[in-house]
Amino acid sequence: MHIFIECETFDDLGGWVVETQSREAMGSFWIFAHGIGHPVKNASTKVKLPHGGIWYFYARTRNWSAIWKRGHAAGQFLLLVDGSPLPVTLGTNGSKWDWQKAGERELTGGQHQLELQDLTGFDGRCDAIFLTDDPHDLPPNDLDTLQKFRRDACHTQIEEDPLFYDLIVCGGGMAGLCAGLSAMNQGLKTLILQDRPVAGGCGSSEIRVWTGGDTELGLYPRLGRLARLLGPICGRPRMKKYRELFEDDRKAIPFREQGNLLLNEAVIQVETDPADPRTIAAVVTRSVRTGRETRRRARFFTDASGDAFLARQTGCEVMYGSEGREEFGEFLAPPQWENTVMGHSVLWETRKLDHPVTFPDIDWGLPFTEENALHRFNSQWDWEAGQFRNQVTDIEEIRDYGLMACYGNWSFLKNRSCRKKEWENMDLEWVSPIGGKRESYRVRGDLVLTLNDILQTKEYPDGTGCATWSIDLHFADPENCATFPEPFQACAYHLQLPEPYPIPYRCMYARDMNNLFLAGRCLSLSHIAFSCVRVMRTLGMLGEVVGMAAALAVKKQCSCREVYTRYLKELKEKMIQGAEPLPPVRKKYDAYYDAYHFMRPVGMYGNAKEDCWVYHDCDGQPKQEIPAGLQKCIEALNLNRKPYAEINRTVAEKSVHPGANDSDSEKNQNTP
């Protein structure tokens, strides 16, 4: 008999954080103790044993700092049973994910409490807990076999969402939110799926990147209003990144009424139409916290995943890295294709206190010295890693490298530097638990926008919102590359655009699928062109266009491509109007309006809603029979009402004799 528990489904995560970025490589979510050197609160859950006896406990974990072959394990933790720890310290087993035995315990049948107790605060991690009454029973560790084992052990079945959507947006960053809200404002039945507990992506409090790019300009000055609506009210580069400034809850407000922004819901599978493999029929999602899986169907889909997940799963042609000079003829491109992207940033913040603050003197990770340490009091955009790695399959290692560099450098400055007095009162207040990507896979659309198009201001008939950021290429800093085995610092090259450049609509859908729109990092752009489009307000503005195009595609029952080939004029009309719903304009004010408004329980006076209105005609007579209870309230108000007909006569007379009623006041004003 055995029991398998996914750690992300624990009843109470305590201070542990769910990791979702590496699901493709891991086949699962997992949790880690992100305490910035301070042990976090225990994660806990209940388990019911079918019988008493000796039970053997295993945790799937890894020593993430083992790859540097130095010092103690960074992330150590214990497994507690009914408040008592099992004997083995976990997270010490090796650099690869594997099962580590925590111990054994004789227990009675029935309910027991399991807890993960963090010992270090340095990102100890656990994927799953396995309990068995057989000392020879151990789950598989091969990913494919383990994946099937997980589903069987957890009795996972795919449920069906009973709703059929016009548009499903996969990804809740700025581009995905704007695409979804734009589609909603166009009247589409829309669903937005976000695998994190908050919306906003890089612009959320989990990552804390400021939004960039100008909006509301060019041919379509109403584009970009949603991007501004969903962006932070204040905040700019070099300003301290307080959590509150990123307003996670405010981003979700526009979706609250319809309840169509699902947080902690990850897309794990894409299904195409058996009769037409170029058409996506559904996505399968998994609840991050419960493991529940659901099939969700729609007419159209938007890949705003940040990693082109839908496009890659359906076999679309994608681009990765830096294209060679011959590919598009871009003078800034390298001579040959390079497996180089703009990196992933683990940002961090500090605060200065009025007393000394300690930080662990760590002995793991890369060694820092007076010669190689970065004598920094805060992080900026340049704290960047993973430029030469795959941002999907290697994301755990990329994020870990950024964390290690932060912890190791800070520990040296606090404990060993000859200048440590300068950092004595400095506290490492916040470190992003997941970090933010700049670039990943891009999808080939009907048009790939290039540097030459932008610099030559080439006019395309389907230009939409404008890129205004400079060509902003990030590179691994050469000095950092020479100092460390792998860089964690970047430098940048900027080239100002000649003028705001409209991004063609043909960059916003996958050429290999009929019903797949693109939003965010996966747009159809060359690596260099992407560097000026990638900022969040620009991507949000382009997401608005995607929502409009989806509305046209639904209305006209056409493909993403046919919006361009057949209905471009209508799309332009929508862009002129903008994605933000405008309040109705009353051109005439001759409609009579005289009423009392009371709120009463539904059905109290035969009312279908709580609103109870008592309207009067122009002569001041009620338009309907007034319930006695409301009549009593009206009399109690004793309001000096006038029939509208009498008001109109007064207004008419005043217009014939302007200023007649004001003569005395005018005389008084002219009297010295």
When the expected Rg is taken as 2.2 N^0.38 Å, what fraction or multiple of it is the alpha-carbon Rg of region 157-225? 1.34
What are the residues whose amide H is under 5 Å from the amide H of Y165, where those residues sit 5 or more places off or on another chain and H is modelled from the backbone? R297, A298, R299
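Where nothing but the Cβ of Lys and Arg (+1) and of Asp and Glu (-1) is charged, how large is the charge dipole of the chain around its Cα centre, in debye to the nearest 20?
Numbers: 78 positive and 91 negative charges, 241 e Å.
Dipole about the Cα centre, nearest 20: 1160 debye.
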Listed by chain and number, the lysines with an alpha carbon less than 22 angstrom from that of K240, same-chain partners under 8 positions apart left out, are K251, K352, K414, K437
When you take every Cα atom in region 193-327, what is the radius of gyration, and what is Dmax, the widest Cα pair distance, in Å? 17.9, 53
R325-F484 FRET efficiency (beta carbon distance; Förster radius 45 Å; 0.05 resolution): 0.95
What's the extension gain from E646 to T145 if we count 0.36 nm per residue and subtract their Cα-Cα distance? 172.0 nm
Region 295-364: GluC sites (Glu not before Pro) falling in loop per DSSP and having at most 14 other Cβ within 10 Å: E317
Per-residue ³J(HN,Hα) for region 71-80, Karplus 6.51 cos²θ - 1.76 cosθ + 1.60, θ = phi - 60°, Hz, x for Gly and Pro: x, 7, 5, 5, x, 9, 7, 10, 9, 9
Tell me, what ³J(HN,Hα) does each residue in region 530-538 have, in order and in whole Hz, if you take phi through Karplus 6.51 cos²θ - 1.76 cosθ + 1.60 with θ = phi - 60° and put x for Gly and Pro? 4, 5, 9, 9, 6, 6, 5, 5, 5
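When the convex hull of the C-alpha atoms of region 411-521 is computed, what volume per residue in Å³ does it have? The partial results should precede the final answer.
Details: hull volume 21.3 nm³, N = 111.
Spelled out: Cα convex hull of region 411-521, divided by residues, is 192 Å³.
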Positive end of the dipole of the chain, charges at C-beta (+1 Lys, Arg; -1 Asp, Glu), about the Cα centre: which of P500, M1, S411 has its Cα farthest in that direction? P500
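Classify region 255-381 as rounded, prolate or oblate, taking a ≥ b ≥ c as the square roots of the eigenvalues of its Cα gyration tensor: rounded when a/c is under 1.5, otherwise prolate if a/b is larger than b/c and oblate if not. Spell out each step's value before the answer.
Details: a/c = 2.92, a/b = 1.43, b/c = 2.05.
It is oblate, given that a/c is not under 1.5 and a/b is not larger than b/c.
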Using DSSP to define loop residues, name the trypsin sites (Lys or Arg not before Pro) in region 235-284 whose beta-carbon has at most 14 other beta-carbon atoms within 10 Å. R238, K240, R256
Sorted largest first, the Cα spans of region 601-651 on the principal axes come out in Å as 40, 21, 15
Which of the listed residues, G187, V318, V288, is farthest toward the dipole's positive end in the chain, when Lys, Arg count +1 and Asp, Glu count -1 at the beta-carbon? G187
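Could you work out what % of the accessible surface of region 169-309 is carbon and sulfur, using a 1.4 angstrom probe and leaving DNA, RNA and ligands out of the count? Kindly include the intermediate steps, with their values, before the conclusion.
Details: 2700 of 5560 Å².
Here it works out to 49 percent.
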From zero up to wherever the largest Cα-Cα distance of region 359-444 sits, split into 5 Å bins and tell me the percent of pairs in each. 2, 13, 23, 21, 17, 11, 6, 3, 2, 1, 0
Cα gyration tensor of the chain - equivalent ellipsoid semi-axes, whole Å, descending: 51, 34, 29
R351 versus E317: modelled label distance in nm, points set 7 Å from Cα along the beta carbon direction: 5.3 nm
In Hz, Karplus ³J(HN,Hα) per residue of region 479-493 (6.51, -1.76, 1.60; θ = phi - 60°; x = Gly, Pro): 5, 5, 4, 6, 8, 10, x, 9, x, 9, 10, 10, 10, 9, 10
Hey, got a sec? Which trypsin sites (Lys or Arg not before Pro) in region 603-648 land in a DSSP loop and have at most 11 other Cβ atoms within 10 Å? K609
Under 5 Å from the placed amide H of I36, counting only residues 5+ away or on other chains, we find D123
So who's got an amide H within less than 5 Å of the one on D512, skipping anything under 5 residues away but keeping other chains? H placed 1.01 Å off N, in plane. E317
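The values are calculated or read from the model by the stated rules, or taken from the named source; none is laboratory data. If you're wondering where the values come from, they're calculated on a predicted model, not measured in any experiment. Glycine also receives a Cβ, built like all others from the backbone with ideal geometry; neighbour counts cover every protein chain displayed. When the accessible area is computed, the model is the full protein with side chains, heavy atoms only, and any ligands, DNA or RNA have been set aside. Shrake-Rupley method; radii C 1.70, N 1.55, O 1.52, S 1.80 Å.
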